[in-house]
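Participant: Here it is, the structure in full.
The values are calculated or read from the model by the stated rules, or taken from the named source; none is laboratory data. Since the structure is predicted, the reported quantities are computational estimates derived from the model, not experimental observations. Ideal geometry is used to build each Cβ from the backbone, glycine not excepted, and the neighbour counts take in all protein chains shown.
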Amino acid sequence: MPTVAETLVTALADHGVRTVWGVVGDALNPVTNAIRTEDRIEWIGVRHEEAGAFAAGAQAQLTGRLAVCAGTVGPGSVHLLNGLYDAKKSHAPVLAICGQVPLAELGSDYFQEVDNDLLFRDVAVFTRTVTSPEQLPYLLEMAVNAANQHQGVAVLTLPGDLGDQKVPDDVVPRFVDHHPATTPAPDLLRAAAERIDAAEKVTMLVGRGAREAREEILATAHHLGAPMVLTLKAKEGLEGANPFQVGQSGLIGNPAAQQAFDDCDMLLMVGTDFPYREWFPSGKAVIQIDARGEHIGRRTHVDLGLVGDSGATLAALRPLLGAAKGRDHLDACRSHFERWVDGQRKLADPAYDHQRLGAIRKVFDNPQHLIRPEQLAATLDRHATEDAVFTSDTGMATVWLSRFVEMRGGRRLLGSYNLGSMANAMPQALGAAALDRSRQVVACCGDGGLTMLMGDLITAVTYDLPVKLVVFDNSRLGMVKLEQEQAGLPEHGTVLQNPDLAAVARACGLHGVRVEKADELDDAVAAALAHPGPVLLDVVTNPDEISLPPKTSVSQAWGFAVAKLTETVQSARA
């Protein structure tokens, strides 16, 4: 008869799980021993369980299938929480296997005891503690099925004295992971078609939920003559070779996307839960298509909600639409977008600082001639492969990636775009690289994010994960700096005293390169991306680079001016 741990590991391997991320110890020892003898699963021992949870969440998002992480008794499981919250908010199916004190000690406030069922109740769609060997097959089935069905986190807690016990019944866990595409009722589709036909100018807001429906999305936009605003997560799969897209909205957005919102009389939302209420247009008719009914209308008022799979719903809706609409609205927004893109390209060109307008700009925001982050992001876009996986840390690294890295071809994109955690880019890149060590994986790291979980640089070396960690090293918590200045506050608490991060990487066994001059950047990026093993490219960038949103209030502009003046005075007094 197999043990509890062997039954668990074999069932996960049969389901297609190929890696488990965690830190070994006590209650997990039977599980890690079972993994040791299971050739289909690789144990990847991280230096911090949070990194393991982020890595597992990344794998689940990239494959759409269950990924697994593990934490042992008490603190080991607690460390998983942040990465699991990111998986929850990214709708990623992740199973966390958590150790627990022996059964006889449960509830006695034993050494390291934590009530995992209570601890994980908010983050997980399923959380249970196994209290007998007979329970394991059934609880495991429930956990995995819940994670797959709800595309969320399941937590299974295993007391330390159960893993080696025999499972008495010959029960082999079997899991369900089929998600049939659903469509709304026919009368709702007809009502939607009538409303869309009655609208003069339609703008589409498209999110990650529509990523697998690219052809239907493009065909719908063509029929409607609709400019398409993409959420950040929809860049992947929908940005490249898309003649309808006008970039992003929100703080990372651009004026053309704002124009598309302002000038339409109907907003068609497809597969998006874009959270920022203040950026939605007002006074427009709104139709929302989403596979999750609970998402309908929770961000902006919706006149008609259609619960269904994005591709299947649009395929059923398009034949009901009337004549195709004109292109005036689309052409105006696209023209504005192309002018904005051209202007952004100039900012990314180091030669621009030596031209008339660029030279004036340089005096005010880059007197030390530091590398501009726009140039770094544009250089990455130029040299990365067409199927590269990109990850980005929350903050300014994501701003520059969103504006200068195009998700064309088979490129993929990951970030903590719903939770907004720091320190996600590097461990998510580790997860991506473990899926396919031959595929290029590029992490756009903030210096604050990278240094928060810097111990797991060693994980890349230990397990031969050839990630390319590109650090936007501006010695700042850049987004916080911008937030403070827009509010009229001088920056405070944002300055980071960084070491030479390339030297730290070399000490850990990575190939480390530091770049401080703009004319050395292109060659350095090309060489880093071509290096066969893990690389850290430490690029010293300008901390005073300004990224303005598509609409800036008078109070924000005034606050920024006051903040910069205060900073200048303080600097003069220092």
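Participant: Consider GLY163 against the criteria (1) without any contact (Cβ under 8 Å) to a residue 60 or more places away in the chain; (2) in a loop (DSSP other than H, G, I, E, B); (3) buried (at least 21 other Cβ atoms within 10 Å of the Cβ): it satisfies all of them except one. Which criterion is unmet?
Facilitator: (1)
A quick yes/no check of all residues on (1) assigned by TED's automatic domain parsing to the domain that holds GLY64; (2) under 29 Å from LEU66 (Cβ atoms); (3) of a type in the set (A, V, I, L, M):
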position: LEU136; (1), (2), (3): yes, yes, yes
position: ALA143; (1), (2), (3): yes, yes, yes
position: GLN165; (1), (2), (3): no, yes, no
position: ALA210; (1), (2), (3): no, yes, yes
position: THR220; (1), (2), (3): no, no, no
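Participant: Conditions first: (1) surrounded by fewer than 18 Cβ atoms within 10 Å (Cβ to Cβ); (2) without any contact (Cβ under 8 Å) to a residue 60 or more places away in the chain. ARG299 passes all but one, so which condition is the exception?
Facilitator: (1)
Participant: Let me ask something else. Show the residue pairs meeting these rules: Cβ distance below 6 Å; 6+ apart or different chains; first residue within segment 493-507 and within 13 Å of THR451 (Cα to Cα); second residue acidic (Asp, Glu) and part of a helix (DSSP H, G or I).
Facilitator: Qualifying pairs under 6 Å: LEU496/ASP447; ASN498/ASP447.
Participant: Of the residues in segment 26-69, how many are basic (Lys, Arg) and either closer than 10 Å to VAL94 by Cα or buried (at least 18 other Cβ atoms within 10 Å of the Cβ) (or both)?
Facilitator: Applying the first criterion (basic (Lys, Arg)) to segment 26-69 yields 36, 40, 47, 65.
Applying the additional criterion that residues be either closer than 10 Å to VAL94 by Cα or buried (at least 18 other Cβ atoms within 10 Å of the Cβ) (or both) yields 65.
Count: 1.
Participant: In addition: Go through segment 198-208 and report how many residues are in contact (Cβ under 8 Å) with a residue 12 or more places away in the chain, small (Gly, Ala, Ser) and either within 16 Å of LEU321 (Cβ to Cβ) or surrounded by 24 or more Cβ atoms within 10 Å (Cβ to Cβ) (or both).
Facilitator: Qualifying residue count for the region: 1.
Participant: While we're here: Which of the residues that make up segment 1-26 are without any contact (Cβ under 8 Å) to a residue 40 or more places away in the chain and of a type in the set (Gly, Ala, Ser)?
Facilitator: Within segment 1-26, ALA13 is the sole residue that qualifies.
Participant: State all residues of segment 188-227 that are in a helix (DSSP H, G or I), in contact with a Lys or Arg (Cβ under 9 Å, 6 or more places away or on another chain) and among the basic types (Lys, Arg); if no residue qualifies, say none.
Facilitator: Result: ARG208, ARG211.
Participant: Hey, another quick one. Residue under question is ALA199, and the condition is that it be in contact with an Asp or Glu (Cβ under 7 Å, 6 or more places away or on another chain) and in the same structural domain as VAL270 (by TED's automatic domain parsing); does it hold?
Facilitator: Details: in contact with an Asp or Glu (Cβ under 7 Å, 6 or more places away or on another chain): yes; in the same structural domain as VAL270 (by TED's automatic domain parsing): yes.
Judged against the criteria, ALA199 is a match.
Participant: Would you confirm, using the coordinates I've provided, whether LEU189 is modelled with pLDDT of 95 or more and more than 24 Å from ALA60 (Cβ to Cβ)?
Facilitator: Yes: the conditions hold for LEU189.
Participant: I've got another one for you. Since ARG437 meets every condition but one in (1) surrounded by fewer than 24 Cβ atoms within 10 Å (Cβ to Cβ); (2) within 12 Å of the chain's Cα centre (by Cα), which condition does it not meet?
Facilitator: So ARG437 meets the others, but not (2).
Participant: I need the full set of residues from segment 321-348 which are in a helix (DSSP H, G or I) and among the basic types (Lys, Arg), in order please. Lay out the reasoning, then the answer.
Facilitator: Residues of segment 321-348 that are in a helix (DSSP H, G or I), as a first pass: 328-348.
Across segment 321-348, the qualifying residues are ARG334, ARG339, ARG345, LYS346.
Participant: Could I ask something else about it? Filter segment 28-63 down to the residues that are assigned to a helix (DSSP H, G or I) and of a type in the set (D, E, K, R), then identify the one that is nearest to LEU136 (Cα to Cα). Spell out how you get there, then give the answer.
Facilitator: First, pick out the residues of segment 28-63 that are assigned to a helix (DSSP H, G or I): 28-36, 49-63.
Remaining after also requiring of a type in the set (D, E, K, R): 36, 49-50.
Working: ARG36: 20, GLU49: 24, GLU50: 26 Å.
That would be ARG36.
Participant: Can you list the strands (runs of 3 or more DSSP E) lying wholly within segment 385-497 that have 1 or more residues being among the aromatic types (Phe, Trp, Tyr)?
Facilitator: Numbers: elements: 389-392, 412-415, 441-446, 468-473.
The qualifying strands (runs of 3 or more DSSP E) are 389-392, 468-473.
Participant: Inspect segment 129-143 for any residue being within 30 Å of GLY449 (Cα to Cα) and either within 32 Å of the chain's Cα centre (by Cα) or not in a loop (DSSP other than H, G, I, E, B) (or both) and give the result as yes or no. Walk me through how you get there before you give the answer.
Facilitator: First, the residues of segment 129-143 that are within 30 Å of GLY449 (Cα to Cα): none.
Among the residues of segment 129-143, not one is within 30 Å of GLY449 (Cα to Cα) and either within 32 Å of the chain's Cα centre (by Cα) or not in a loop (DSSP other than H, G, I, E, B) (or both), which makes the answer no.
Participant: Out of everything in segment 210-228 that is farther than 19 Å from GLY326 by Cβ and modelled with pLDDT of 95 or more, what residue ends up being surrounded by the fewest Cβ atoms within 10 Å (Cβ to Cβ)?
Facilitator: Restricting attention to segment 210-228, the residues satisfying the condition of being farther than 19 Å from GLY326 by Cβ are 210-217.
So of that shortlist, the ones also modelled with pLDDT of 95 or more come out as 210, 213-217.
Details: ALA210: 30, ALA213: 25, ARG214: 17, GLU215: 11, GLU216: 20, ILE217: 27.
My answer is GLU215.
Participant: Assigned to a helix (DSSP H, G or I), among the basic types (Lys, Arg) and assigned by TED's automatic domain parsing to the domain that holds GLN245, is that true of ARG318?
Facilitator: Working: assigned to a helix (DSSP H, G or I): yes; among the basic types (Lys, Arg): yes; assigned by TED's automatic domain parsing to the domain that holds GLN245: yes.
The answer is yes for ARG318.
Participant: State whether the residues of segment 480-500 include one that is in contact with a Lys or Arg (Cβ under 8 Å, 6 or more places away or on another chain), at pLDDT 90 or above and closer than 19 Å to LEU376 by Cβ.
Facilitator: The answer is yes; a qualifying residue exists.
Participant: Another question, then. Going through segment 83-128 one residue at a time, which ones are in a loop (DSSP other than H, G, I, E, B), of a type in the set (Ser, Thr, Tyr) and surrounded by 16 or more Cβ atoms within 10 Å (Cβ to Cβ)?
Facilitator: Of the residues in segment 83-128, the ones in a loop (DSSP other than H, G, I, E, B) are 90-93, 101-102, 106-115, 120-123.
Still in the list and also of a type in the set (Ser, Thr, Tyr): 90, 108, 110.
Correct list: SER90 only.
Participant: Being in a loop (DSSP other than H, G, I, E, B), among the charged types (D, E, K, R), in the same structural domain as ILE217 (by TED's automatic domain parsing) and surrounded by fewer than 22 Cβ atoms within 10 Å (Cβ to Cβ) narrows it down to one residue among ASP262, ASP273; which is it? If you could, list the steps in order and put the result at the bottom.
Facilitator: Details: ASP262 fails: in a loop (DSSP other than H, G, I, E, B).
None of the others qualify; the one that does is ASP273.
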